[in-house]
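Notes to accompany the following structure.
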Amino acid sequence: MELIELGISQWFTDQASELCEPEQRIARVTAVDRGQCIIRNEDGEVPAKATNKFMNSTETAQDRPCVGDWVCVIYDDSNNAATIHTVLPRRSFLRRKSAGKSSSFQMIAANIDMIFIVQSCHKDFNVSRLERYLVMANEGHVEPLLILSKTDLVSAEQLEQLIAEIRVVGITTRIITLSNLTGEGLDQIKASIAFGKTYCLVGSSGVGKSTLINQLTGQNTLETGTVSTSGEGRHTTVRRQLIVLEQGGMIIDTPGMREVGVLVASEGTDDNFDDIHSFSTLCRFTNCSHTNEPGCAVLKAIQQGTLHQKHYKNYLKLKMESAFNNTSCTDKRKKGKKS
């Protein structure tokens with residue numbers, strides 16, 4: 001295998017020439033599990049662990065290796081293991097706020113070209129959660145693609161209604177409808193995967209992500225859970241891992257997410273709600289909060305039915321969440337400097 005098949009580009013090669021020592025080689029992180037990594041280069045996969053020196057030099061968890069990273073490594077004499085000395089700068093990333101009340105965030109994957117956001121047409125469908133995934137994609141500079149799975153569980157009319165619910169709030173992202181049972185939509189997903197590009201699957205547990213990967217690889221690459229009587233699958237993926245597809249391209253599977261919290265994503269939020277942002281330029285006050293000010297063009301658009309009420313409420317919730325987490329992060333940094 002050549003490094004180009006793993007997604008290397010001249011940009012990463014230039015970074016490696018500056019940051020890697022002469023005795024170090026470049027490899028890509030394909031899995032991370034409890035601090036242990038699997039890396040891959042043109043010779044294959046081996047286990048790897050970051051050196052204590054590197055770990056001590058990192059300020060936060062985001063600086064440590066995650067799936068999709070390019071790293072500078074030294075292989076042992078037998079080439080059966082390696083140590084990680086440097087993580088190269090990331091061109092894109094996916095991250096979310098850590099679950100619970102923590103104001104820290106969790107890296108999901110790095111150097112992603114496109115995120116496949118999977119939602120089931122059955123019980124999992126949730127437009128507000130979908131908007132959160134889109135904020136995550138915008139913040140990390142990753143192109144999104146929506147996959148509505150398990151279309152065999154709904155009628156054609158119900159499917160049209162679900163798509164209409166997505167479009168009415170201003171989401172224009174491309175949508176592919178998929179049935180893992182019949183295979184309808186699979187060819188469209190395959191056609192979206194290009195040689196040397198990296199794709200990441202995200203979504204709740206049981207929406208069919210592992211089944212989709214098995215269909216893309218043509219084999220039982222990942223274990224899948226039995227489907228319940230309700231038609232929903234069961235959570236099976238326990239770690240993030242990058243899989244190289246025979247037809248070219250790579251796909252990263254991720255465990256199901258119960259929470260999709262945003263951390264400091266004001267830019268990503270504005271990009272995802274550009275319809276609201278456009279109206280806000282017409283507000284009487286430049287610092288309008290779009291809640292109760294006179295002359296608010298956003299509130300006027302809602303009253304006139306131009307903006308969807310649910311879309312607007314989710315926007316306010318995400319902005320407040322982002323502002324709160326931003327303040328918490330700033331306080332943490334200040335405390336860290338004092339200590």
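When you restrict to C-alpha pairs under 8 Å that are six or more residues apart and normalise by the size of the stretch 1-147, the relative contact order lands at 19 percent. Here is the tail figure for the stretch 3-87: Cα pairs spaced more than 17 Å apart come to 42 percent of all pairs. Near the amide H of Cys296, within less than 5 Å, lie the amide hydrogens of Arg284, all on another chain or at least 5 residues away, with H placed in the peptide plane. Remark: for residue pairs Lys150/Lys310; Lys123/Lys150; Lys123/Lys209; Lys97/Lys317; Lys97/Lys319, the C-alpha separation exceeds 19 Å in Lys150/Lys310. For the stretch 84-155, the fraction of C-alpha pairs more than 21 angstrom apart is 39%. The fewest-to-most ranking of Arg95, Arg25 by surrounding Cβ atoms within 10 Å reads Arg25, Arg95.
The distance separating the Cα centre of the stretch 273-292 from that of the stretch 50-119 comes to 37 Å.
Phi angles of the stretch 115-120 translate, via the Karplus equation with coefficients 6.51, -1.76, 1.60 and θ = phi - 60°, into HN-Hα couplings of 9, 8, 8, 9, 10, 6 Hz per residue; Gly and Pro are given as x. Would you mind checking the stretch 104-123 for residues with the amide N under 20 Å from a putative spin-label position 7 Å along Cα→C-beta of Glu5? Answer for this model: 113.
Treating r as the C-beta distance of Glu184 and Met55 and R0 as 56 Å, the FRET efficiency rounds to 0.75.
Where a number appears in this text, it was derived from the coordinates with a stated rule and is not lab data. None of these values were measured; they are calculated from a predicted model. In this analysis, Cβ positions are derived from the backbone assuming ideal geometry, glycine residues included, and neighbour counts consider all displayed protein chains.
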